[in-house]
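The values are calculated or read from the model by the stated rules, or taken from the named source; none is laboratory data. From a predicted model like this one, the values you see are computed outputs, not experimental measurements. Heads up, the Cβs are rebuilt from the backbone with ideal geometry, glycines too, and the neighbour counts pull from every protein chain shown.
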Amino acid sequence: MSELTHFNKAGRAKMVDVSEKKITARVAKASGKIYMSKETINKVLSGHMNKGDVLAVAQVAGINGAKKTWELIPMCHNLLLTGVDIEFTVDDCHCYIEAVAEVKTQGNTGVEMEALTAVNIALLTVYDMCKAIDKRMYIEEVKLIEKQGGKSDFSL
């Protein structure tokens, strides 16, 4: 198992120095699901939510979340993202909406945290926009599903 890298010699938190790492194309994908009632899913899909187009707003919110990850997670680097996209899949049989975020950069550190943040913010936005009609919604299964670039690749 790897050594934790976010601590200095005194045992205090530090931002990892990535200046010696090679600049490469880096991509990360994350996913997560928000479960809700069939009635809520139908309202989201039909555009009958009072707050507007839920998935369009969640898309923009998720992209903003990826861009602001470094402001939210203390040890994350401020990265120049070269691409962020979020796709939504609705499973009305199992009553969930899945968000999959893909984040790209050319840099010396990965974008896993940005992809995970994008998914969380997108799903939280769906929750916020639907909470008036569905108090039983819940978010689950947020996870990294793919990472490319750097020293190691990963895929579920």
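Looking across the stretch 100-156, just one residue is touching a Gly at 6+ places or on another chain (Cβ under 8 Å), among the β-branched types (Val, Ile, Thr) and modelled with pLDDT under 95, and that is Thr109. Residue count for the stretch 117-151 satisfying the condition of being assigned to a strand (DSSP E or B), within 24 Å of Ala25 (Cβ to Cβ) and not charged (D, E, K, R): 3. For Asp92, the criteria (1) of a type outside the set (Ser, Thr, Tyr); (2) surrounded by 15 or more Cβ atoms within 10 Å (Cβ to Cβ); (3) out of contact with any Gly (no Cβ under 6 Å at 6 or more places or on another chain) hold in every case but one, which is (2).
A single entry from Ala99, Ala66, Ala61 fulfils the requirement of being crowded, with 19+ Cβ neighbours inside 10 Å and either touching a Pro at 6+ places or on another chain (Cβ under 8 Å) or not in a helix (DSSP H, G or I) (or both): Ala99. Checked against (1) crowded, with 20+ Cβ neighbours inside 10 Å; (2) part of a loop (DSSP other than H, G, I, E, B); (3) out of contact with any Ser or Thr (no Cβ under 8 Å at 6 or more places or on another chain), Leu79 passes all but condition (3).
Among the residues in the stretch 12-25, are any at positive phi, loosely packed, with under 11 Cβ neighbours inside 10 Å and free of Cβ contacts under 8 Å to residues at least 12 places away in the same chain? No - not one qualifying residue is present in the stretch 12-25. Residues of the stretch 102-155 that are surrounded by fewer than 15 Cβ atoms within 10 Å (Cβ to Cβ), of a type in the set (Lys, Arg) and within 30 Å of Ile23 (Cβ to Cβ): Lys143, Lys151.
Among residues of the stretch 139-150 that are under 19 Å from Val90 (Cα atoms), those with a beta-carbon under 8 Å from a residue that is small (Gly, Ala, Ser) and surrounded by fewer than 18 Cβ atoms within 10 Å (Cβ to Cβ) at least six positions away or on a different chain give the pairs Ile145/Ser155.
Checking each residue in the stretch 26-46 for being surrounded by 18 or more Cβ atoms within 10 Å (Cβ to Cβ) and either in a loop (DSSP other than H, G, I, E, B) or without any contact (Cβ under 8 Å) to a residue 12 or more places away in the chain (or both) picks out only Met36.
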